[in-house]
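Remarks on the structure that follows.
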Amino acid sequence: MAKYKIKNNFNFRVKRSDKKRPVVVVDAAHLGGAYKGTFVSASTLDGAGCILPLAYGVVDTENDCSWTWFFENFKNAFGERENMCIVSDRNESIIKSVSIVYPNVPHCACIWHLWKNVCSSFKRSKKTLSDIFYSMAKAYRKEDFDKLMAKVVKVDHRVKDYLEEAGYEKWSRVHSTINRGRMMTSNIAECINGCLVDARKLTIIDFLEEARLLFGSWNYKNREIASYTKDTLGRRFEEILIVNASKSSKMKVVPSSEYIFTVHEAGKRYIVCLERKTCTCGRFQHDEIPCAHAIAVLKHKNVTNLHPYCSDYYKPYALEKTYEVVMVPMPDKDDWNVPEYVLDEIVRPPRYRRLAGRPRKRRKKNADEKITVNNNCCGQCGQEGHNRRTCTFFPKED
């Protein structure tokens, strides 16, 4: 009965596109209107590193039935693709629905939400382990991961047990069974929720129209940028090439064969194979873009065009194909062709109880999210705790 109500009383929108990496981020956000509800969405990144919304809808609440309905409709539009994965927080309904609708697709955890779970369970260790955890999650080599995990064990062995129980393959880049790229968090879905904060206070139809207008404007802007991006990669990845090129300037290259080279950097040795597009640092094959060591080798070979060594996903053709599907505007409400059985159906507003007090405008932030107020600094010496008039570092002239 609940499944029937979701299908008939709520809306679902899908944007189709085939030229994208199949790493799908899903998330939900509560609506702030009179009758509440939950906004659910699926999104990914395009070849330029911009947010690409894939599907969105409105359900009654986050539960097994709602997420199963969402993923079933999403699968009908998006399908099941090779090397696909779904990234979200550790919501049990999402994990269960993914296993039902996408039994062969792995579910990966957002490392930010996972770290918040660690902080709530092991409060005394969170300050010491914060940087270690994020470095460990983003490590490209198992050797680096093991060294960082050894530091975690020294601080609190219970954290290692918790992370191991969560599954290394769900949050660690080096243990992942598929290539998540740079989407280690569900931040892109949180950005969509943030852009729709004010719109979520509207009624359902008005809210869906605002969401469509927002995504349509993104689609138009990114398609326009892709139309004149002919000779370079997507903006974000072209910047990565520039940064890696600057890092490669102080490296020493020793050739071993036509394709295999040894690169020396700060006392460490890395082996680059141009034929297989691999490097022992792990970045070349994982990011599918030349790392600093690979660029040093290409400079040694006097190769100026780096694009053949980049993934097709970052190239202008793929980016242009991503936005070839236009988001068609909705006609005026008076021009809608509504079936008779829909007009005959009586939809009553859901039962709800208004909470006491004034409704909150913003969500409650954790203690580590709150912005600390900076102390005033001295205008002469730049140190905190005093001002120019009381500064003792530069004594006043008589």
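Overview of values
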quantity: Residues within segment 195-244 that are among the hydrophobic types (A, V, I, L, M, F, W, C) and within 24 Å of Met183 (Cα to Cα), tallied; calculated: 15
quantity: Residue check, Arg236 within 30 Å of Gly32 (Cβ to Cβ), within 22 Å of the chain's Cα centre (by Cα) and not hydrophobic (A, V, I, L, M, F, W, C); calculated: no
quantity: Output for segment 180-200, where each listed residue is open to solvent by less than 30 Å² (accessible area, probe 1.4 Å) and of a type in the set (A, V, I, L, M); calculated: Met183, Met184, Ile188, Ala189, Ile192, Leu196, Ala199
quantity: Which listed residue, of Ile289, Ile271, is aliphatic (A, V, I, L, M), at negative phi and in contact with a helix residue (DSSP H, G or I) (Cβ under 7 Å, 6 or more places away or on another chain); calculated: Ile289
quantity: Strands (runs of 3 or more DSSP E) wholly inside segment 17-122 containing at least 1 residues that are farther than 20 Å from Met183 by Cβ, of a type outside the set (A, V, I, L, M) and modelled with pLDDT under 95; calculated: 23-30, 38-45, 51-59
quantity: Residue in segment 92-110 that is in contact (Cβ under 8 Å) with a residue 60 or more places away in the chain and more than 19 Å from Pro22 (Cβ to Cβ) present; calculated: no
quantity: Test set (1) modelled with pLDDT of 85 or more; (2) farther than 30 Å from Lys230 by Cα; (3) among the hydroxyl-bearing types (Ser, Thr, Tyr) - Thr372 fails condition number; calculated: (1)
quantity: Only listed residue being over 30 Å from Phe207 (Cα atoms), open to solvent by 10 Å² or more (accessible area, probe 1.4 Å) and within 19 Å of the chain's Cα centre (by Cα), chosen from Lys123, Lys142, Lys138; calculated: Lys138
quantity: Breaking point among (1) out of contact with any helix residue (DSSP H, G or I) (no Cβ under 9 Å at 6 or more places or on another chain); (2) at pLDDT 90 or above, for Val174; calculated: (1)
quantity: Which numbered condition Ser217 fails, given (1) over 17 Å from Ile51 (Cβ atoms); (2) open to solvent by 20 Å² or more (accessible area, probe 1.4 Å); (3) part of a helix (DSSP H, G or I); (4) of a type in the set (Gly, Ala, Ser); calculated: (1)
quantity: Subset of segment 309-349 (residues that are surrounded by fewer than 10 Cβ atoms within 10 Å (Cβ to Cβ), aromatic (Phe, Trp, Tyr) and part of a helix (DSSP H, G or I)); calculated: Tyr341
quantity: Residue match in segment 279-300 (condition: at pLDDT 90 or above and hydroxyl-bearing (Ser, Thr, Tyr)); calculated: yes
quantity: Only listed residue being in contact with a Cys (Cβ under 9 Å, 6 or more places away or on another chain) and at pLDDT below 95, chosen from Leu202, Leu233, Leu213, Leu208; calculated: Leu233
quantity: Any chance Thr177 is of a type in the set (S, T, N, Q), under 26 Å from Met84 (Cα atoms), open to solvent by 70 Å² or more (accessible area, probe 1.4 Å) and part of a loop (DSSP other than H, G, I, E, B); calculated: yes
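Yes or no, residue by residue, for (1) touching a Gly at 6+ places or on another chain (Cβ under 8 Å); (2) closer than 30 Å to Glu239 by Cβ; (3) among the β-branched types (Val, Ile, Thr); (4) surrounded by fewer than 21 Cβ atoms within 10 Å (Cβ to Cβ):
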| residue | (1), (2), (3), (4) |
| --- | --- |
| Asp27 | no, yes, no, no |
| Ile51 | no, yes, yes, yes |
| Gly57 | no, no, no, no |
| Ser66 | no, no, no, no |
| Phe70 | yes, no, no, no |
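The values are calculated or read from the model by the stated rules, or taken from the named source; none is laboratory data. Since we're looking at a predicted model, the values are computed, not measured. As a convention, Cβ positions derive from the backbone with ideal geometry for all residues, glycine included, and neighbour counts pool all protein chains shown. Areas reflect the complete protein model, heavy atoms only, side chains present, ligands, DNA and RNA absent. Shrake-Rupley method; radii C 1.70, N 1.55, O 1.52, S 1.80 Å.
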